[in-house]
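The values are calculated or read from the model by the stated rules, or taken from the named source; none is laboratory data. Every value quoted in this text rests on a predicted model; they were computed, and no experiment measured them. When we count neighbours, we look across all protein chains shown, and the Cβ atoms used for this are built from the backbone with ideal geometry, even at glycine. The accessibility values were calculated without ligands, DNA or RNA, using every heavy atom of the protein model including side chains. Shrake-Rupley method; radii C 1.70, N 1.55, O 1.52, S 1.80 Å.
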Amino acid sequence: MCEKSDAYYLHSFKDVTYVKNWATYKRYVVINNKLVVNTIKGVEDYAFLKLDEYVSNHLKSIKIRTLKADGTIVELDSSLVFSQKSDNKKFGPISYPIPSVEPGDTIETDYVYYENLKGYELMDYVDFNSILPSINSQYTIKTGQDLQVRYKTYNEFPKPKVIANDTLVYLQFSKDSIKSLMSNDYNCLPCEKPYFYYTLEKKESELRTWKDVYNEEFNFLTQPMALDYENSSYYKRWKKRVIGEAKDSTKYYKFNLLHKEVLKTIDLEPLKDGHELIKSSGYFLKEERFDPLSIRRFYRQILEDLNIKYWAVFAREKRLGPIDVNLIRKGEFAHVFFAIENEKGHLKFLYPHEENYKYLIDEIPTSLYDTRAVLVKPINIGEVKKKDKFINRDLKLAEVDSVAIEVINLPSMNSNYNYIRQTLFSKVDLEAKRTDLKYRLKVSGGTSTDLRSFFEMLNNNEEVEEYYDALWEYEGDDNTIQIDSVLNRMQNGEKPFGFVFDAKGTLNNVVKFVNDSLVSISLDKIINHNQIEDASEKSRLSYYLDYSYSDLFILNVEFPCKIEVLGMDDSNVKYHNNYSEYFFDVKAVNENQLKIISNYKILENYVPNNDLIDIKTLNEHYRDSKKRRLLVKLKWKS
């Protein structure tokens with residue numbers, strides 16, 4: 001395992017010690033690694049001291065040595081690594097070449113850094129996965145007797161050695177013969193590979209319950225404020241104005257009106273300052289903006305005012321691994337939102353908006369599709385009292401005595417609903433040597449959410465927009481589809497959230513005029529499917545996709561005369577496996593038109609590692625089709 005690798009760890013140790021520091025804690029982290037370098041490539045890739053920005057600015061000590069194969073020792077002068085190159089007092093990320101390393105040498109890395117932590121931060125999720133194999137890896141936890149360590153192992157991670165006495169608590173997690181692991185954005189390490197979670201708690205503390213989570217976390221995030229009385233009347237006036245003549249309609253219809261008004265008129269921005277934490281919904285409505293916290297409080301206030309039943313939803317992104325329902329871990333869920341019951345008693349999800357995107361009713365982030373979530377609501381609370389609706393001057397959160405819990409899988413959609421469809425109708429003007437274009441883009445389901453959120457991010461985030469502008473400038477100005485005017489934009493507010501975009505313009509770089517009777521059709525720049533990345537040959541991990549989908553492209557090229565397409569006989573493709581499909585078809589239509597169809601489909605959102613070869617074959621068919629250059633012979637009347 002190790003001899004064939006460019007480099008490997010003889011051992012990789014990480015020791016953490018938690019120490020009380022007045023009202024907070026310090027965590028001291030000791031890193032000790034021995035890395036054996038086998039090859040020249042190992043020297044080129046791994047003979048570096050790599051520290052992130054935080055660690056480089058919080059070091060207590062560091063020692064780097066090269067143990068040469070002949071027995072000599074070369075120590076790195078750390079003052080060279082940390083010499084200041086500017087007036088900036090902080091160090092950035094460090095990647096410093098370790099000198100004098102040759103194949104057969106061992107690099108010994110030994111350093112200590114510290115972190116300042118609050119009580120709720122005394123936890124971690126730990127695995128031993130690395131791009132390099134390790135003969136032995138260890139992680140130890142040490143703390144005083146005033147704290148207890150709770151832990152849980154997953155996916156057959158070995159149990160730790162535990163020492164507990166009058167002065168300390170010590171746990172050592174260890175694993176031998178760890179293989180190298182290459183991963184990408186489609187992999188879910190906690191779904192497959194061993195890891196463990198631990199937290200440090202006061203000795204008398206009890207395990208958290210879902211009632212605690214509801215009372216402490218959900219109520220903190222969503223319970224409205226009632227401190228700035230001058231703005232409360234504005235909220236009432238706003239609500240009355242929006243509902244207008246619909247005052248006698250159902251509460252669900254009223255809520256839809258209020259939600260649409262937010263989508264249309266209110267901006268989402270980061271929290272500006274701490275003083276806004278205590279502002280009411282009326283304040284933000286008057287400002288015509290919300291932040292991610294105040295929008296949650298606003299929606300809860302609307303739901304309770306309209307007496308619409310709701311659940312609190314706690315969810316975790318798919319590739320972070322499933323929620324543990326039984327042990328409620330810290331840092332478990334980054335997504336807290338609402339599930340409301342409509343007039344038919346069916347659940348609809350209400351996801352409060354993000355800074356760069358506003359979600360429609362029943363629309364959720366695609367990273368949550370088909371994931372386990374926990375729904376929590378109070379039991380038999382009767383009519384909600386005003387003191388439990390709002391946070392008042394005593395700053396106390398509402399508390400419930402008991403809660404009901406439902407564990408569900410959040411909804412997903414298949415490739416019949418998750419799709420991208422591009423249709424191009426083009427007409428060739430032989431005299432002007434130009435190709436006019438009518439273009440339609442239709443997206444639905446998860447692809448609609450992802451595409452709309454991406455463009456909203458570009459519109460709202462100047463740094464991201466500048467990055468993509470620079471990237472496009474570097475890669476060249478690709479104006480293959482040149483939009484001259486937009487004809488129509490239409491957004492369907494109901495699931496699956498179809499979005500249609502119609503435009504007209506010019507098709508460039510596709511139809512090329514060889515001579516007066518011969519035209520070349522190039523597909524490389526015009527067909528660009530949302531392609532799933534091939535797995536690395538070293539990868540042993542399955543793919544966990546947000547959703548299955550279909551990506552359909554249709555190009556129709558009309559000529560002013562009859563045509564003959566040359567070399568078309570062997571160009572068509574029809575490939576299918578259990579997880580994907582690719583269809584490519586070229587044909588002449590009505591004697592003067594060329595029609596090209598390319599359809600790239602992912603049929604399942606989970607592809608086992610052993611079957612990833614099917615995705616590679618799919619991509620090979622797609623890439624081969626993209627490379628085709630078609631010749632069209634023009635048949636002029638004699």
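Exposure check, 1.4 Å probe, all protein chains in place: W311 carries approximately 30 Å² of accessible surface.
Pop out the carbon and sulfur fraction of the accessible area of region 1-74 as a percent, whole number, probe 1.4 Å. Provide the component values of the computation, followed by the final result.
Working: 2190 of 4050 Å².
On region 1-74, the fraction of accessible area on carbon and sulfur atoms equals 54 percent.
Rounded to the nearest Hz, the phi-derived 3J(HN,Hα) couplings of region 372-379 under the Karplus curve 6.51 cos²θ - 1.76 cosθ + 1.60 (θ = phi - 60°) are 6, 9, 10, 9, 10, 8, x, 9, where x marks glycine and proline. Annotation: extensible slack from K161 through E591 equals 147.0 nm (criterion: 0.36 nm per residue apart, minus Cα-Cα distance).
So what is the accessible area of the chain per residue, in Å², with the probe set to 1.4 Å? It would help to have the intermediate numbers written out before the result.
Values: 33640 Å² over 638 residues.
I get 53 Å² per residue for this part.
Extension gain for K330-N578 works out to 85.5 nm (0.36 nm per residue, less the C-alpha to C-alpha distance). For the chain, the dipole from Cβ point charges (+1 on Lys and Arg, -1 on Asp and Glu) about the Cα centre works out to 1480 debye, to the nearest 20.
Amide H to amide H, with H built 1.01 Å from N, E355 comes under 5 Å of no residue 5 or more places away or on another chain. Normalised by the number of residues in region 25-107, the average gap of Cα pairs under 8 Å and 6 or more apart makes the relative contact order 48 percent.
For region 194-207, the Karplus equation 6.51 cos²θ - 1.76 cosθ + 1.60, evaluated at θ = phi - 60°, returns couplings of x, 7, 9, 10, 9, 9, 9, 10, 5, 4, 8, 6, 9, 5 Hz by residue, with Gly and Pro reported as x. Since only S78, L327, N530 are under comparison, the one whose Cα sits farthest along the positive direction of the charge dipole of the chain, derived from C-beta charges on Lys, Arg, Asp and Glu, is L327. Selection among F173, L207, Y197 by position relative to the dipole of region 165-236 gives F173 as farthest towards the positive end (Cβ unit charges, Cα centre).
Sorting E192, E3 by solvent-accessible area of protein heavy atoms yields E3, E192, largest first, with a 1.4 Å probe. For I98, the amide hydrogen comes within under 5 Å of the amide hydrogens of F48, L49, counting only partners 5 or more places away or on other chains and with H modelled in the peptide plane. Database remark: amide H of T435 closer than 5 angstrom to the amide H of D429, L507 (H placed geometrically; neighbours at sequence offset of 5 or more, or on other chains; Pro and chain starts carry no H). In the list (1) 167, 57, 39; (2) 104, 84, 52; (3) 95, 63, 48, the label attached to Cα extents along the principal axes in Å as derived from the coordinates here is (2).
Scalar couplings 3J(HN,Hα) for region 148-160, obtained by applying the Karplus form with A = 6.51, B = -1.76, C = 1.60 to θ = phi - 60°, are 10, 10, 9, 9, 8, 9, 10, 6, 6, 5, x, 5, x Hz; x denotes Gly and Pro. When the accessible area of region 496-597 is split by element with a 1.4 Å probe, what percent falls to carbon and sulfur? Carbon with sulfur: 44 percent of the solvent-accessible area. The trypsin sites (Lys or Arg not before Pro) of region 145-219 meeting both criteria, a DSSP state outside H, G, I, E and B (loop) and at most 10 other C-beta atoms within 10 angstrom of the site's C-beta, are K203.
Quantify, in whole percent, the carbon and sulfur part of the accessible surface of region 126-235 (1.4 Å probe; protein heavy atoms only). Roughly 51 percent, rounded to a whole number. Each residue was assigned an accessible area with a 1.4 Å probe, and for L67 the value is about 40 Å².
Determine the calculated [θ] at 222 nm for the chain from helices alone, applying -39500 (n - 2.57) to every DSSP H run no shorter than 4 residues and normalising by the residue count; nearest 500 deg cm²/dmol. Walk me through the numbers on the way to the answer.
Values: 13 runs with 120 residues, N = 638.
It lands at -5500 deg cm²/dmol.
In this rough spin-label picture, where each label sits 7 Å from Cα along the Cβ direction, the L67-D185 distance is 4.0 nm.
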